[in-house]
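Colleague: Next up is a structure, given as structure tokens.
The values are calculated or read from the model by the stated rules, or taken from the named source; none is laboratory data. Note that the coordinates shown come from a computational prediction; the quantities given were computed from them, not determined experimentally. Note that we place each Cβ from the backbone using ideal geometry, even for glycine, and neighbour counts take in every protein chain shown. SASA here: full protein model, heavy atoms, side chains in, ligands and nucleic acids out. Shrake-Rupley method; radii C 1.70, N 1.55, O 1.52, S 1.80 Å.
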Amino acid sequence: MIRGGLVGGAVGAGVGLLAPGARGDIGGAVRNATLGAAAGIPVGVHLANRSRGSLLLSGAVSLGIGAAVFQSAGSGGEAVPLLIAAPVVELVASTLVERATTP
């Protein structure tokens, strides 16, 4: 499940970097990548779990973490540790939710 989350997060971050709001603005690109990874991580974990857990719950938890970091990232350089830690926390949370909701 961890590998699935890493792949999903990388794809989501890539999509976030290509989003219109990211062009020419490194802060916007990082924030978009954060939200993209927040959406991609639970999908990757869910697919790696053979679609047996709750994607809805896992996605809600991951997007909630991503949204909180997105809000904090607008305040400047002090948000860098949050931007680094967010995908790790999302990956762990998504994996735990998938395991807990797998029949």
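Colleague: What number comes out for the charge environment of Val45, summing +1 per Lys or Arg and -1 per Asp or Glu over other residues with Cβ under 15 Å away? Walk me through the numbers before you get to the answer.
Modeller: On the way: positive: Arg3, Arg50, Arg52, Arg99; negative: Glu90, Glu98.
My count for the surroundings of Val45 gives +2.
Colleague: Sort Ser58, Ser72 from largest to smallest accessible area, using a 1.4 Å probe on the heavy atoms of the protein chains. Could you put the intermediate results ahead of the total?
Modeller: Working: Ser58 0, Ser72 45 Å².
So, going from the largest accessible area down, we get Ser72, Ser58.
Colleague: Only one of the values [x] 24, 21, 9; [y] 36, 16, 11; [z] 25, 13, 9 was calculated from this structure for semi-axes √(5λ) of the Cα gyration tensor in Å; name its label.
Modeller: It is the value labelled [z].
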